[in-house]
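Here the structure is laid out as structure tokens; the discussion comes afterwards.
Bear in mind that the values in this text are calculations on the coordinates, not laboratory data. Note that the coordinates shown come from a computational prediction; the quantities given were computed from them, not determined experimentally. Heads up, the Cβs are rebuilt from the backbone with ideal geometry, glycines too, and the neighbour counts pull from every protein chain shown.
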Amino acid sequence: MDDDIDYSDIEAKYAVAYDDSLDNVIIIDGVPIITQAKQQRLFEAIQKRFNTHAEVDMPIENMHIAYGDDGNSKGYVVVELESPEAALQAIRTMDGYAFDKKHRFAVNRFSDIERLTSMDETYVEPEEEPYKQRGHLRSWLADPSGRDQLVICRRDDVQIAWHNRTTGPEVAHSRMRWTESYVQWSPDGTYLTTFHLQGIALWGGPTWERFMRYAHPGVRLVDFSPDEKYMVTWSPDPIQVPENAPQSPQFFSHEDEGNHVAVWEVRTGHLLRTFPVSAEENAAPGQPVLKGFSWPFLKWSGDSRYCARVTPGKGISVYELPTMGLLDQKSIRIEGVVDFEWCPLGDKDKDALEIWNGGKNKDLPKGFKPPRDNMLVYWVPEVQNQPARVTVISVPTRQVLRSKNLFNVSDCKLHWHPQGDYLCVKVDRQTKTKKTVFCNFELFRMREKDFPVEVVELKDPVLAFAWEPQGNHFAAISSNDPNFGVVAPAVSIKTQLNIFHLDGRGDFSLQKSMDNKTCNALFWSPRGRHLLAATLGSTQKFDLEWFDVDFGNEARQGGVGDADDVKQIGAAEHYSITDVEWDPSGRYVTTSASFWRQSIEQGYAVWDFKGTELKKEVLDQFKQVLWRPRPRTLLSREDQKRVRRTLREYSKIFDEEDEAADASQALAHREEYQRRVAEWREWRAAAREALAAARAEAGIAPAQSRESRKEEQQKHTAEVHEWIEEVLEETEETLP
């Protein structure tokens, strides 16, 4: 009787789940082949390496090794760890670890190897996908007029537009809800980045088709390598991988859970590595407060071969691309390190690198100098009796190239010249009473032997510093206002604009200092020479001032004589300004007020390099306007010199094209005006005829014309002359 009763539902409800997972078991391949007599010594060495480098507890009794018939081991060790998390930590840290000169570990889960061994070994020919032709990603550079593009975001609308000198932007492409937050160009303008809840997408080509998408939910920030090969994304939400998530190089795996930063290969979309970011324990739910986090999280070397991040107080971790493995399997340990910066690659370095990579140590030009190694600079603060220190090292050799001690240091900022010619260490120093702060510029000459250092001192704290991108000038904004650092940031204070240059003796000296300013931000033209000083973040001042730092040289060439080298060539205001950006040519600059930071009069304005306003748009819910960057020119140095020599000939052609464009524009406006006037007159004649027909049908006399009404009014108009007497002056005189 009991055999007929079904107990399956009860058995399923109260079934005991047995954990038969082997996720806590790892296999270490690539270990030395030994005999059984050396087993204990090998286990102790492996245990020590894992405890030191991975901080994983690995009991020797949980380590097992297999031997062959010849008595030698088979080159791998099986280890049972205390938890799957410990196994994950061991894989992340020790996979690829160099045990000695001949052996490098390959660490994997036992379950992953078991899954791979059970796969069907029958080869199946993959289906060949038809080739899909894509548009050229740099097609915009072939514009006959050589115009630049810009992207404009307003509400949910994103527009890609051509910039015209005399008319407004010419929309080339527009989409609604193209992004859910903002957009960003890649460094060379090849891709447009859009942000979505599921991740980011890259767009490009003449039709703006999607190039690639990268699944990183909640992504907020993105940073590209200088050559656009790699990309870093960050999300405040930790990575979570569902059970049924797809498994491929383009998606996160369970090993990435809990991390915030991801590194991708742009062209393939492959995920290279993820990193965790620590969070405060008392963070509000859904709003984690990250500590020790600054963006960019990873900083790129000039040639994109390396990226690095700093662990404050401990050291700098340098990773090789594309493997994202730690350089030499260890970080650069620097006690007390605060920050670092890579030396950028200048035009000279890029030319040398192209020749070097193309020649491969053969067929190199006579007298050719190989490109210099990557360099980075870091600084360490004062600790007890140890002075602060700035150090330049070479990568990958880690050789110290230059070091300098600093005293009474409050803070340091590192500023490389965009061409890698100079390094400025802005040192904030305290007086002996520690009540006031002044500033020093430690200027390293990176193209000279032993990197000599020159010191330039300012008596006041510095708000902003900027190198001239193509030249030997730099600008700094200082302030001696007693309200500096006391009043709210939105309140403007008095500042001084200081411009320095490389004088005839080869030293950096003050070229000009201007007082009674309110500017707090500096923006150099990409071509150098022209500088825009702006007042940002203030609720009282919105000043814009343009300067030509080489005006005197041009004036002397024109026969004017000894003229001022720095001249203000323009001044204006942009109410509620929040952002400033130069176009790639250095001929135009945009200023904008974004509704993200400003609630009134949002929009943007376009100016020329002299401060003449060309266009201004007030747009409700305006977000951002960004110029599309341009890649490095393909012309050789000889071709560029030839263009400069014959620039007047090209200028005549460009002037003729501009005059033709202006004439055609004026003609188009005149034709449009005449067409509309003709349409108006035709409508008026038709209206009169319709009115006359309606009055005749109703038996009403025809309406008088304007001329007849005017004559009738003149007949019934009488002229009235009115005399007005007025005493202009009255004089009293007493007669004798």
Next on the checklist: Can you sort E61, E80 from fewest to most other Cβ atoms within 10 Å of each residue's own Cβ?
Outcome noted: E61, E80
Item to check | Distant-in-sequence amide H partners of G528 (H built 1.01 Å from N, under 5 Å) | outcome: Q470
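Give the shape of segment 465-617 as rounded, prolate or oblate, defined through the alpha-carbon gyration tensor: a ≥ b ≥ c are the square roots of its eigenvalues, a/c under 1.5 means rounded, and otherwise the shape is prolate if a/b is larger than b/c and oblate if not. Let's see the in-between values first.
Details: a/c = 2.23, a/b = 1.37, b/c = 1.62.
Since a/c reaches 1.5 but b/c is at least a/b, the shape of segment 465-617 is classed as oblate.
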Checklist entry - Can you give the net charge of the other residues whose Cβ lies under 11 Å from the Cβ of W203, counting K and R as +1 and D and E as -1? => result +2
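Please report the relative contact order for segment 17-116, taking Cα pairs under 8 Å with a sequence separation of at least 6, and give it as a percent rounded to a whole number. Don't skip to the end; give the middle numbers.
Numbers: 157 pairs, mean separation 41.4, N = 100.
With pairs under 8 Å counted, the relative contact order is 41 percent.
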Checklist entry - Can you list the HN-Hα couplings for segment 324-340, worked out from phi with the Karplus curve (6.51, -1.76, 1.60; θ = phi - 60°), rounded to whole Hz and with x for Gly and Pro? => result 6, x, 5, 4, 6, 6, 7, 7, 8, 7, 9, 5, x, 4, 10, 7, 8
Checklist outcome for this item: For segment 249-262, Karplus-derived ³J(HN,Hα) couplings (6.51, -1.76, 1.60; θ = phi - 60°; whole Hz; x for glycine and proline) come out as x, 9, 10, 6, 10, 5, 5, 8, 4, x, 7, 10, 10, 10
Next on the checklist: Between D156 and E697, how high is the FRET efficiency from 1/(1 + (r/R0)^6) when r is the Cβ-Cβ distance and R₀ = 45 Å? Nearest 0.05.
Outcome noted: 0.25
Checklist entry - Which net charge results for the neighbourhood of E228, defined as the other residues with beta-carbon distances under 10 angstrom from its beta-carbon, given Lys and Arg at +1 and Asp and Glu at -1? => result 0
Checklist outcome for this item: Here, trypsin sites (Lys or Arg not before Pro) of segment 416-493 satisfying both criteria (DSSP loop; at most 12 other Cβ within 10 Å) are K432, K434, K435, K449, K459
Checklist entry - Got a sec? How would R402, R688 order by Cβ neighbour count within 10 Å, fewest to most? => result R688, R402
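Between R644 and D351, take the C-beta separation as r, use R0 = 22 Å, and let me know the FRET efficiency to the nearest 0.05.
In this case the efficiency is close to 0.80.
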Checklist entry - So who's got an amide H within less than 5 Å of the one on G336, skipping anything under 5 residues away but keeping other chains? H placed 1.01 Å off N, in plane. => result G313, K314
Next on the checklist: Could you tell me how far the Cα centroid of segment 315-334 sits from the Cα centroid of segment 151-165, in Å?
Outcome noted: 41
Next on the checklist: For I200, what residues show an amide H to amide H distance below 5 Å, using hydrogens built from the backbone and excluding near sequence neighbours?
Outcome noted: Y214, H216
Item to check | Residue-averaged 222 nm ellipticity for the chain, from DSSP H runs of 4+ at -39500 (n - 2.57), nearest 500 | outcome: -5500 deg cm²/dmol
Item to check | the chain: relative contact order in percent, alpha carbon pairs under 8 Å with at least 6 residues between | outcome: 6
Item to check | Label of the coordinate-derived value, semi-axes √(5λ) of the Cα gyration tensor in Å, listed as (i) 64, 40, 28; (ii) 61, 28, 24; (iii) 40, 36, 30 | outcome: (i)
Checklist entry - Which loop GluC sites (Glu not before Pro) in segment 111-183, with loop taken from DSSP, have no more than 12 other Cβ atoms within 10 angstrom of their Cβ? => result E121, E127, E128, E180
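Exactly which trypsin sites (Lys or Arg not before Pro) in segment 307-369 are in a DSSP loop and have at most 16 other Cβ atoms within 10 Å? Present the calculation step by step, with values, prior to reporting the outcome.
Values: sites: R309, K314, K330, R333, K348, K350, K360, K362, K366; in loops: K314, K330, K360, K362, K366.
Of the trypsin sites (Lys or Arg not before Pro), the ones in loops of segment 307-369 whose Cβ has at most 16 other Cβ atoms within 10 Å are K314, K330, K360, K362, K366.
So, with +1 on the Cβ of K and R and -1 on the Cβ of D and E, and no other charges, what is the size of the charge dipole of the chain about its Cα centre, to the nearest 20 debye? Please report the intermediate quantities before stating the final value.
Details: 91 positive and 118 negative charges, 649 e Å.
Here the chain has a charge dipole of around 3120 debye.
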Next on the checklist: What are the ³J(HN,Hα) couplings of segment 499-505, residue after residue, when phi is run through the Karplus curve with 6.51, -1.76, 1.60 and θ = phi - 60°? Round to Hz, x for glycine and proline.
Outcome noted: 10, 10, 8, 7, 7, x, 7
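If each residue's Cβ is checked for other Cβ atoms within 10 Å, how do Y123, Y650 rank with the fewest at the top?
Y123, Y650
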